[in-house]
Every structure is written in structure tokens, then in C-alpha cells.
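Accompanying notes for the structure given below.
The values are calculated or read from the model by the stated rules, or taken from the named source; none is laboratory data. All values derive from a computational prediction rather than experimental measurement. Neighbour counts run over all protein chains shown; Cβ positions are idealised from the backbone, glycine included. Accessible surface is based on the protein model in full, side chains and every heavy atom, while ligands, DNA and RNA are left aside. Shrake-Rupley method; radii C 1.70, N 1.55, O 1.52, S 1.80 Å.
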Amino acid sequence: MKPASFDYHRATSVEDATQLLSELEDAKILAGGQSLIPLMNFRLSTPPHLIDISNLPELSEIKVDDRSVTVGAAVTHTTLLKTQRVASELPLLVDAEKLVAHEVIRNRGTVCGSLAHADPAGEMTAVIRVLDGAVRTSSVDGERTIQAVDLFEGPLQSSLKENEVIVEAIFPKLGRNSLSSFREVARRHGDYAIAGAVSVVDYDDARSIASARTAFLSVGPVPILISFDQLLAKTKISDIGHDEIYEIVSSQLNPQADVHASADYRRHLAAELAWESLKACV
Amino acid sequence: MTTRSFGKAVRRTEDLRLITGQGSFTDDAGPNALSLVMVRSPYANARVVSIDVSEAEQLNGVTAILTYEDLPGRLAEPLPLLIPHPSLSAPRTQHILAKDYVRYVGQSVVAIFAADRYIGEDAAERVIVEYEPKVAVVGIDGALGPNLVHDDVPRNVAADHSEHVGDVDSALAEAPHVLELDFEMERSMGSALEGRASHATWDRHSRKLRIQNATQTPTSVRFAVANILEIPDEQVEVFAIDVGGGFGTKVIHPWPEDILTAWGAMNYENSVKFTEDRVEHFISSSHERGQRHHAKVGFDEEGRLLGLDVDFVHDNGAYTPYGMIAPLITATQLPGPYRLPNYRVRFRSVYTNTVQVTPYRGAARPHAVFTMERTMDRIAAFLGIDRSEVRQRNFIQPDEFPYDLGMIFQDGRPAIYDSGDYPEMLNKALSMIEWDSFAERRSEAPPGKRRGIGVACYVEGTGLGPYEGGHVRVETGGKIQVSTGLASSGQGHHTVFAQIVADELGVPFEDVEVVTGDTRRFQYAVGTFASRAAVTSGNAVAEAARLVKEKAIALAADALEANPEDLEIVDGQVQVKGTPVRAIPLSQVAVLANPLRYSFSEAARAATQFAGNGSFDEPPIKPGEDPGLEATGWYSPIRATFASGTHAVEVEIDLATSEVEILRYCVVHDCGRIINPLIVEGQIHGGVAQGIAGALYEQLAYDEDGNLQNASFMDFLMPYCTEIPKIEIDHLETPSPLNPLGIKGAGEAGVIPVSAVIASAIEDAEGFEINQMPLFPSDLHSMRLASGREPA
Ligand SMILES: Cc1cc2nc3c(=O)[nH]c(=O)nc-3n(C[C@H](O)[C@H](O)[C@H](O)COP(=O)(O)OP(=O)(O)OC[C@H]3O[C@@H](n4cnc5c(N)ncnc54)[C@H](O)[C@@H]3O)c2cc1C
């Protein structure tokens, strides 16, 4: 379990990083290394060059404005988790971060690294999906914004081009009349979830549901979003029926079996967790 | 008086060193050693057609690459069969490097000696091996099917063994009730934090092969290496300074890498090191636990056992280096604490194309206990009596010891229980968990949850022979040096042996320094396994300390001109009883014990030739005496001593997620006289944790081609401390009459009944039968659906 040899480059700026990325053959960005290094140790990934962006001050910021929380590419899970303004302005991010791995991994792993890695079991992929957020990227060809719905293409497959770096992730804030909740089941504390559901419910002024949706992790190739607008619009949260939610979710999800769980169990769990997380949005 | 430390919760002397990074593990040695890297088979069952190492050999930093063809002399022979047995009709052991065939994914095929592990792995990628794959035999069903693991072993049967006591057929024929039951346990493994490791150095000046090895049995590694390399034992030194857990895997020896590192060191003018990585530990060391049992039990209206007939299949993997010890333990430990006048057991130990199976902590007892305890629960359910009551009615009573099972145990000697109090143990466990008031707590389960309670009992044969020895020497500086041949892999040997010696000799605990598992210090030993270290080495060092004490008193009697009977040793001083002013420190006795020509200190002058010691009628060393205040003691048990325990657990199951939460876990444990409750409890905690792992988290998931699908800690779910509940412990102490200290083994106990007790509680909560372990939420979910007991 030792990586193949590679050259290490410490980027001096985003521009330097994108420049190196376009010049060096098969180079990869190194952020916290919590996903990439294990893959390299197993020699499942053998990049000849790593470009380390984890020390760039310009990527280390968390910005909060009226509309969103913007997280730079060098911001670790721990930093996001411990930032007071995030907790007060978009508590869902903190709820989700508590479920990401263990402290030592959160201390190094980055939020944007999670998104670039595009693991459908990653909490942040489901969060950015349910919030309809986006990532901003940079490359020698210029900058662009990729909406969450377009970012994830398959397990460990994002729509990033080979020469693109995620510079920051944008998580839109929830309105004053919106609530969110995250539920997941993992076999061990801090493990990737067997299934998880993150729900957002928007209320109208009459405390009736205006819109409701749930994003799921670990039950498909990408984070999957299900809208309950049709079923729930204009109803009260207390009127939500377990069986209808269960039915909608289980009929729309098609998870895979693995050594930890059967497909049926995963589907069942996702449906139960959707129900629980929706009910918790009160 | 010296304060006795036996029985006290003395803090472990090992811990400060270990937790501040000052341990000395094998991989800490030889930073510049050549790295041994193995190319392992990616196929479970295949013929090796050709091997091309030419490209790999070109790589800078590669010293040598070996295939089977390159192995000289005895290195080309199969590795030794460690424990032969008459019923083991078709034993097979692997070669150091695959000869023509590979029989499991992970088997060593090519050995690379490289400047470091990175280069070694680069080279491994460049070795081209052509295989001709065959159908893999996986799992017990696979073994019973038409395909063979070894072409010359029909039906894949390595051993077919039966034993019986009484007349089972008549007992079952006459029994008012008979149940037929099937149980199965899947594979798991010990997963020590430190994998296998060996670092070998050839000192060409002193012509010694020095081997630091992460082993539970250094003396045997030494003999095996010397034998295979065909060099004198005297040239080989093996020591295990610190070993990061063993759990049975590190009893197995010699591993191919043990021999190759030693041979490489003698041939490549550099020391050679092998440090197993985690994937290798999963696919090329040892597994355990895969067994399928069919039981037929006869009993009367009261639930009394009349006869039990058990037929089981043991999946031994591709090779049998440890013989058939594991299934043999299942066979003999299955009756547990119950009177079983008519018992017959038959097992077949069968080959599969998977990693070899050798004893892992608990050593095939978890399956035995699972079968027996599930059977007791079924009898209770059938008759509608309480599960605890069925057990009480069948226990061997305290006045029935010694109780002869009528069977031969794993040490080749009769299985005779020496002592115990099973009824009292169960009573203690029941009151601890508040068994009688459980109905109330069951009804208080929150909505969406079900609660259940379970209990399970076991008996464990511990402290086997053939023997261990210990050496105690009083140094003139005042330190007491103790050594014993078996190695420590984290158990706390340094602490308990020091406690024993301190008490026996009458010296402060702090003055005792213990070395274990170093053939340079102690040449004869068996090893650390079968919960035997405290019993065997403990009694041996106690004997050595008693001999030293005798010698010290005799010498001091001369010096103090006192009668030996009037002397005692207190706090390291030999003194006249009741008159502590007439005293001489042991360190000074040590000086006198070694008549000197040359002085080295003020104190030493007393032993020099003009000091006026002794009479001219006798030589300075009297006939029958040896210089030095030291002695070697031995302990060779007549047979195993049997520890016992009862576990009780209360669980709560979430009906939506099928997760099982352990609300309370209670242990009553009897390992005879307790040397150190802190250490015994630590052993129980670790054991229970591994038991919970095996019950609810771990499995070794082979696919049909024999690939281990979860060979990493990401997918092999060894629980974290967050998954392990508080473990409540109470002790019972029924001393063993077999050894002077009255102790029994405690190392494995915690793990043994855990699968059984958790199954009992889940069954109690859910109302459908639990016949297999492990049980994941996913399994429980589908079992509940299949049972029709869906949550309302
Ligand atoms: C034991 C363990 C448990 C874990 N459990 C969880 C869990 O429960 N939930 C969870 O969500 N995660 C979990 N993780 C994963 C961890 O959260 C991720 O590794 C981490 O967040 C990814 O970020 P990183 O900075 O470490 O990325 P890296 O490992 O450095 O990179 C990952 C990939 O993304 C690319 N990349 C990284 N940053 C960028 C960027 N800015 N632009 C373009 N490409 C980029 C890299 O090239 C690489 O391909 C676990 C990890 C471990 C080791």
C-alpha cells in the first residue's frame, strides 16, 4: 500500500494551479488528500503530478452574504463546522458536517474536495443538491459556474473538465420560512452512510407547506433529489402521512446492494429517513 | 510487611512506555533494511503457468527476486504442519512461494527484496505471472460441492473426526422431546493493530541471525527458522520486544516471510524486513469462525438434557498449518457448564479456496457456545419455561468437581473441569441485569422500538501445557530481573509477573523488571495462546521466585548467623522475624552469592577472597550450589484449568432502521484467583468488544470467485469505541486446585458467549428465530419481513 512515485507541486496562486494543471500531463489537484491519498496508496490512482492548493490564502475564506454561504476550496470540514456565522446563517451546513467522517479527517478534508470527488455517499453532495447550490471553477480557459444538478455525473465522476479547479462552493441560504433536517444511518459512528436524507421544507405565511424536497445520499450514482411539492403543497406538516412518503421514495429509488446492505434495505431506509427528516422540519 | 500486590488493581507498567510512543515494535527496527515485498495471487484457484521477472529485475533498487524455482534446500519444502492429529487424514500446508498452484487470493508467489517498500511495490507491478484459473471453492456449500481445492484430497475433507460419551442414539430414541436445529457463523478475524512483521539481521562477526518478530511464540520461530535454514539453533536469536496484538494469528509460524527475511539477511549483506500491510493482513494471514452446525437434542419435561448429537462442518480455508485444533475445541467445549450424559460430536474440516483458518481469540468456542446456548433457549421456548431456569436445571453442581467430560481436549489430555460455581454465576448475572423485572422495561420501550434480553453461559479450558518456565535473578544493584519465554502482545505480562515475583520474593513491585519473549534470555517456552500465560508462566516465575527466596535465606542465615527458619524477606531485606535490626538487603545477599576475585564496588568487597567468608573446609561454591542469586522455575500443568462466565445483555431494536442498540451489557467472570482486576477487566472489555464485532459488525465477504470484497477497515467494520457499550463486570473466584496460585486464564473469555447472548436478546425482542451470526441491520430487516412480524 505505497503510492507509485509522483511529483509534488505547491501552487502559489489559483492562476499558478490552473497553469500547472494545463501544462502537466495527468496532473491532479491535491486538497486535503483524504480521498485522493488512499486511492493512490492502493494504486487505484497513479497521477504523476500533484498540485497542492491546500495552503492558498485566497481559497481559505468563508463568505456569508444575504443570499449565500460561499466556501473557498481550501476550507476544511472542521473550519466550516466551527464557524459561528455559518451555524447561525445556514445551520444545515453544520448539521451535515457533523456527519462527515471523524474529526481527524475533517481536520484535513475540504468541502470543495468532497464535491470534486463526487462520492454520492458524501454528505456535502446531497446538501449542495438540496440547496440548489453551485461551484465556481477556474481554468486557463476562464471561469464558469456549475449548478449542483449538473456537477455530479456518476459515482466519483464530476462534470469538471480535466483542467478545471473548483475555486469555491456556493450554498444558497434558506429563507426565513424554510426549515431543514439531515438524517442518516451509518454502520459505525462517522462512516459513510448506508443511506441518508436531507430535507428542506418551505412554508408560506399561513404555516402551510409551500414546497418540500429531499436529497438522498448513498442510494444512487449521484445525489438524488425528490420533490414532494405535488403531494405536500398547501398541507400542514402534521398531516404528512408516512405511507405516502414511503411509497413515493421507494418507488423512485433504485439503490445497489453491497457488502453492508441489500438494495431493498437501502431503499427502505431511504424512505424511512425521508419521512423522518421531513417530519423534523418543524 | 511488604504489601502484597497479588489481587490489587496495580496500574500496568507497560502503559506509559506504549502510549508515549516508546514501544519497540518490529517495524521500528532496521530503518535501512531491505524491504521484502510479496507478489500475491489474484486468483483463488489457479495453475501458475509462467512467471516473468525480467522487467522487474531491471528496476533501480531491486536486490533480488525469487520464485519457487529459486528456493534452495528445505526452503522448497512445504511449511511445517504444526499440530498433527490422527484424524487429520489430509493435512496440507503452503510452500514459501507457490509451487505450480495458488489456492487462495493472497498466496505468496514471488518474493522481491528491494531498497524500500515503494520500490518493491513498483517492482511487484512489473512482475508478470500467467495463471490458468480454475473454479474457486468458496464457503461451506462450495466445499461440499464437486470442485476440489487440492486435486488429491477427495471431497475437500482434511479431517473427519468423531467423539462420544454415553449412548446418544438410545438417549435420543427414548427422550420425550427431540429438536433438530441448525446454526451458522460466518468468518471474521483478529485484526491486530500491528500486522505480521519480521526484521532479520545476520551478524557475520558473531555469526548470529538476530530476528525481531511480531510473534506470540519466539522460541518456536527460532527452532523453525534454524531447521529450515539448516543452521544450528545456537546461531538464531528471536525476540518479540513489543507486539501490537496477536489474537492467535501470530501463533502461526513460520510464515513464508519469516523464512525469507532470515534467508535474505544471510545472503544479501543487509538486514531484511517484512512489514505486512493491512490488505495483506486480510488476505494472507489467518481467519476464523466459519462453521455450520446441525444439532439434535433430546430432553425431558423439565428441560433436562438427555442427549445431544452435533454434526458440524468447519471451513479451514486452503491450508491446515495448525492442524484441526479449532474444530477440536468446538467439539470439546460445546457441552459448556451442563451435565450432558450422552453427547456425540462429529465434524468435517473442509478445504476452501480462501485464507487459512487458525484459532482467533475465543478459538472456535464462540461457535460451540452459540450452538449450545441457542439450543438451551429453544428448549426453554419449546417447554415454555424461563431461559434461566433451563440452565439452572442442567448445570454441573459445585460439588461435582472434578467433572470428567469423557473427552480428549486440545492439549491431548482428558477434559476434566477442575472447579467452578455455575449456578451462582448465573444468579449473579441475572441480578445484575435485573432479569426478573425485565417485563416492565420491555413494556416501556419507546414507540418504534422493541426490547429484548438474553443470557449465555460458557466454560473455557485455559492454561494448557506442555509447560512454561521463568527465571528470576537478584542483581547486586537491587533490581530483580525476571524473564519468561512466552511473548507479550499487549496483555500486561510485565505487570502481573512482576506482581507475582514481588509477592513471592518479598520485594517492592517497582524493583522487578520483566522481559518476555526473548530467546537470548530464556530458551524454552511454548507460547502465548489458549489463555495460558498467567497460569503457566505465572506459576513458573512464582516457583523461580520461591527458589531464589530459599537461596537468599540460606545465604543470609550464614551472614547473619541466624537460623534460616527465623528469617523472612520484607521489602527487599532479609531479616530476623520480629527483629528488623538484624537484616541484610537482598542486593547484598546477591553480592555474597557470587564469590569474587575482583571487586567492582564498595559493596562487592564483601564477596572478595580476603573478606573472610566461609570455612576452609568447603569450596567457595558448595557442592550442589550455583553462583548468583538466581533460579529457574518451571510449571507443567497436569491438564487445562477451566474458567467460566455468564453474560447478560439487554437490547433495543429500532424497527425503522433495524439497528440494534445494546442498553446494558453485564459480565460475570470466574478466572480463579485474580492477580490484577484492572488487567482482567481490560481483557474482558477487549474480548466483549471483539465479540460484539463478530456479532453485529464484522464479516469476511468473499465473492463466488474467492475475492475478499472487504479487505480494508473501510468495509470490514471493526467497531470503534463509539459502538461499544459500557461493560459491567462482576467476578467470582473459584480457585483452580491444579496450580499453586489457583489461577485460570482470562485472555479470551470476553469474546466467547457474545454472539450467543446477543442472538438470544434479539430473538427475545423480535419473536423469530436467530440462527446465524453475524447479524447486520440489513439482515434483520429482511428476516423481520420474512417472518411476517412487520412493525405495526
Ligand atoms: C476514513 C474516512 C471516512 C470518511 N467518511 C466520510 C463521510 O462520512 N462523509 C463524507 O462526505 N466524506 C467522508 N470521507 C471523505 C472526506 O470527507 C473527503 O476525503 C474529503 O472531504 C475530500 O476532500 P479532500 O480535501 O480530502 O480531497 P482530496 O482527497 O485532496 O481530493 C479528492 C479529489 O478531488 C479532487 N479535488 C480536490 N479539490 C479540488 C478542487 N478544488 N478542484 C478540483 N478538484 C479537486 C482531487 O484531485 C481528487 O480527485 C471520509 C474519508 C476517510 C478517509
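General observations
- Once all protein chains are placed together, B:L700 keeps about 10 Å² accessible to a 1.4 angstrom probe.
- Length-normalised contact order of chain B in % [C-alpha pairs under 8 Å, at least 6 apart]: 16 percent
- Distance violations [Cα-Cα > 24 Å] among A:K28/A:K82; B:K428/B:K744; A:K2/A:K161; A:K82/A:K279; B:K250/B:K479: A:K28/A:K82; A:K2/A:K161; A:K82/A:K279; B:K250/B:K479
- Dipole magnitude for chain B: about 1020 debye, using +1 per Lys or Arg Cβ and -1 per Asp or Glu Cβ, origin at the Cα centre.
- Among A:I166, A:G72, A:T145 - extreme Cα towards positive end, dipole of segment A:57-172, charges at beta-carbon: A:G72
- Cα radius of gyration and Dmax for segment A:57-172 (Å): 13.0, 37
- The trypsin sites (Lys or Arg not before Pro) of segment A:1-110 that DSSP puts in a loop, and whose beta carbon has at most 15 other beta carbons within 10 Å, are A:R43, A:R67, A:K98.
- Cβ neighbours within 10 Å from other chains - mean over A:258-267: 5
- A viscosity of 1.567 mPa s and a temperature of 4 °C, combined with the Kirkwood radius over C-alpha pairs in the Stokes-Einstein formula, give segment B:248-348 a diffusion coefficient of 76 µm²/s.
- Kyte-Doolittle mean at least -1.0 and Cα axial length at least 24 Å: DSSP H helices in chain B: B:365-383, B:533-560
- Shape class for segment B:319-458: oblate, because the ratio a/c of the largest to smallest gyration tensor axis (alpha-carbon atoms, square roots of eigenvalues) is 1.5 or more and b/c is at least a/b.
- When chain A is described by a simple charge dipole with +1 on each Lys and Arg Cβ and -1 on each Asp and Glu Cβ, the residue from A:S60, A:L24, A:S250 located farthest towards its positive end is A:S250.
- Inter-part distance, segment B:524-540 to segment B:239-275, computed on C-alpha centroids, equals 22 Å.
- Segment B:545-594 and segment B:684-700 have their alpha-carbon centroids 50 Å apart.
- Residue among B:S162, B:N267, B:A331 farthest towards the positive dipole end of the protein assembly as shown, charges placed on Cβ: B:N267
- Cα shape, segment A:1-102, gyration tensor, a/c 1.5 rule: oblate
- Between the Cα long axis of helix A:14-23 and the first principal axis of chain A there is an angle of about 70°, rounded to the nearest 10.
- Cβ-placed point charges (K, R +1; D, E -1), dipole of the protein assembly as shown about Cα centre in debye, nearest 20: 1100 debye
- Taking GluC sites (Glu not before Pro) in DSSP loop states with no more than 11 other Cβ atoms inside 10 Å as exposed sites, chain A has its longest site-free stretch at A:26-161.
- Segment A:163-209: trypsin sites (Lys or Arg not before Pro) in DSSP loop, at most 13 other beta carbons within 10 Å: A:R176, A:R207
- For segment A:7-52, the dipole from Cβ point charges (+1 on Lys and Arg, -1 on Asp and Glu) about the Cα centre works out to 280 debye, to the nearest 20.
- Relative contact order (%) - criterion: Cα under 8 Å, at least six apart; region: chain A: 15 percent
- When you filter the GluC sites (Glu not before Pro) in segment B:249-283 for DSSP loop state and at most 16 other Cβ atoms inside 10 Å of their Cβ, you are left with B:E269.
- Shown here are the Rg and Dmax of the Cα trace of segment B:465-635, at 16.7, 53 Å.
- Counting only other chain Cβ atoms within 10 Å of each residue's Cβ, the peptide B:720-726 averages 2.
- Rounded if a/c under 1.5, otherwise prolate or oblate - chain B, Cα gyration tensor axes: oblate
- Between segment B:1-80 and segment B:411-437, the alpha-carbon center distance in angstrom: 41 Å
- Relative contact order of segment B:1-158: 34 percent, from C-alpha pairs under 8 Å at least 6 residues apart in sequence.
- Averaged over the residues of peptide B:648-661, the number of Cβ atoms from other protein chains lying within 10 Å of each residue's Cβ is 2.
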